[in-house]
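The values are calculated or read from the model by the stated rules, or taken from the named source; none is laboratory data. Here the structure is a predicted model, which means the values were calculated and not measured. Cβ atoms come from the backbone with ideal geometry, glycine included; neighbour counts cover every protein chain shown. Heads up: the accessible areas ignore ligands, DNA and RNA and are worked out on the full protein's heavy atoms, side chains in. Shrake-Rupley method; radii C 1.70, N 1.55, O 1.52, S 1.80 Å.
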Amino acid sequence: MPDYHHLANCLRSLLGSLELPANSPLFPDVVAVCNYLEHPIYRLAVFAPFNQGKSTLLNALLGGKTLPIDLIPTTGAGIIVGYGSVLTTEVVFQDGQTIKQPGTEILNQYAVLDQGGQMPEEVVEVRITYPHPWLQTGVELLDLPGTNDREAQNNLVKERLLSADLVLHILDARKLMTLEEREHLTHWLQDRGITRVIFVVNFLNLLTPTERESVRDRAYDVATSFRSDLPGGISNIYFVDALPALRARLKGNFAAAQESGLTILETALETIAKQQETQHKLPRVSKIAAQLLTQARVKQQELEKAISVAGEESAQKSQLQQKAARLIQQGFARSVSDLQSWLYLPNLLASYQANLAIALAQGQFERWLGEFQSEAVNSEAKINKWVKQGSEFFAYSHPQLFSFDFPPAPIIQTAESPPKCSDLPNSSGNNDNNNISDSNMPPELDKKLNQVLQSKVGAVVLGGASYMLNKVAPKTAASSQKVVPLSPKISSQAYPDAAAAYLQAFSDRANTQLKAYQQQAHQYITYTPQAIVQSNRQAHQLQLLNNLIINLETELDRI
């Protein structure tokens, strides 16, 4: 017997890749046919609309009243009858729980419809074990719910039909081949590759002899038009009066059972089941597989189109981003150039040294720094504007922005103030109140010297001289008046010098920062082509789909 497990796996894998919704008509069909391929037991399903004698016929075949056959309540869930040494019933629920009891009394609670025509929705399946020799050979019977206009019920029957090796389609002789039965033949059976079908005409005993002949002729036409896939010598139509057959079997009346048509049907079923062929599985598998492959090729085309569109969009986006990158980089470069010009030391000195010197002399450095920082922030903003635009356009998160690092407040150096000429000792130890007197110094030189000493340079000279005189002058008796050291004062030039030193420190520090930041900002204003994640996912999905299609086609060719 061929091993169909690999084929079932190929079908399941392809189904999973299509991501079909669970309510898709194809989804349960593929699941059912996969289970059917892997099911080792020969399954015979009885199929018909409500109240056409399905359960009655199965009970007749089993030789006892095993299944519920009440006229109003009828089978509400699929009932599987398999071999067991003891008659037991097991009810399977949607949550996986089961109830198992001896006998079949539990069927009246869980496996029949109520007066409103509803079956318990929580019941998934009912299993019965029964000590029958035919079942012991590896055969199981499936009593399907009756079909009607309830979609959920019909879907259940359609799904279970795919799991049957042989279908007994019960026809009512009183209304042979209704529109519903024609629908079953075409769409539920033939179109889905279910061709191993035997028609059983019931209720023939309720017709007149003339009506029977007419029904037989029409039934043969139906059977001929439907090409059943059956072993040689086996007919695809039988006439069985189910209720008389059951009564005859219960009474052990072999002649009555044979007259009802049950015996000849039973012989045909046993002959088919004994052969246990597996090739009959392939027509329906091929049908479902073909539908699955069609759906897969549709998705192939969808993915190919999506990838193509994504590629075009990616190319257009790449061109746009490259153009934007050039504009952003140009704007950033201009802003850097403008900032470098602003940081150029001569420009800083020309713009800020005077005000800073005044602020230092007045002790208002913090006020000046606040104003200076406001202007610096404007320069920062021009740089950061392009960095932010690049980050937003190229989808970079949390860019590091440029920010100045300002030097600490300047420290003003002190120098001794220039002394008045009257404070300087003369050669006799006396002071002059207005100028420096020297008996040997001409008046013109004396005047010029005073002018020099009163200048900024003179202040330094006089300060140094005073310091040296106080430090090293000998203390003689002639110098009875002690030389008083001069009080240190801040030179007027110290403020401009301190301002220049601060601005130079700021310029050096800011230029170093800017140079380092230019390298850091490069990642935010440069476009790096990146593959679209969605397109990549679709490409992988398409590749997987192609492989799964090839695998399934190869496996179908192999078998």
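Entry remark, segment 202-220: residues being part of a loop (DSSP other than H, G, I, E, B) and either of a type in the set (Phe, Trp, Tyr) or under 60 Å from the mean Cα position of the chain (by Cα) (or both) number 1 in total.
All of Gly370, Gly390 fail the test of being over 50 Å from the mean Cα position of the chain (by Cα) and of a type in the set (Gly, Ala, Ser), apart from Gly370. For segment 137-183, a tally of residues being part of a helix (DSSP H, G or I) and under 41 Å from the mean Cα position of the chain (by Cα) returns 11. Annotation: of all residues in segment 295-316 being out of contact with any helix residue (DSSP H, G or I) (no Cβ under 8 Å at 6 or more places or on another chain) and open to solvent by less than 80 Å² (accessible area, probe 1.4 Å), the one that is farthest from Val197 (Cα to Cα) is Ala315. Annotation note: of Tyr220, Tyr238, Tyr130, the sole residue that is modelled with pLDDT of 95 or more, open to solvent by 10 Å² or more (accessible area, probe 1.4 Å) and out of contact with any Phe, Trp or Tyr (no Cβ under 6 Å at 6 or more places or on another chain) is Tyr238.
Only a single criterion out of (1) assigned to a strand (DSSP E or B); (2) free of Cβ contacts under 8 Å to residues at least 24 places away in the same chain is not satisfied by Gly16, namely (1). Going residue by residue through segment 62-76, is there one that turns out to be touching a Pro at 6+ places or on another chain (Cβ under 9 Å) and modelled with pLDDT of 90 or more? Looking for residues that are touching a Pro at 6+ places or on another chain (Cβ under 9 Å) and modelled with pLDDT of 90 or more, one finds none in segment 62-76, hence no.
Per-residue answers, yes or no, for (1) touching a helix residue (DSSP H, G or I) at 6+ places or on another chain (Cβ under 8 Å); (2) of a type in the set (Val, Ile, Thr); (3) open to solvent by less than 10 Å² (accessible area, probe 1.4 Å); (4) in contact (Cβ under 8 Å) with a residue 24 or more places away in the chain:
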| site | (1), (2), (3), (4) |
| --- | --- |
| Asn155 | yes, no, no, yes |
| Leu162 | yes, no, yes, yes |
| Asp165 | yes, no, yes, yes |
| Phe203 | yes, no, no, yes |
| Leu206 | yes, no, no, yes |
| Gly232 | no, no, no, no |
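Taken together, the residues in segment 81-96 that are under 14 Å from Thr129 (Cβ atoms) and assigned to a loop (DSSP other than H, G, I, E, B) amount to 4.
The residue list Lys251, Lys287 contains one member that is among the basic types (Lys, Arg) and surrounded by fewer than 16 Cβ atoms within 10 Å (Cβ to Cβ), which is Lys251.
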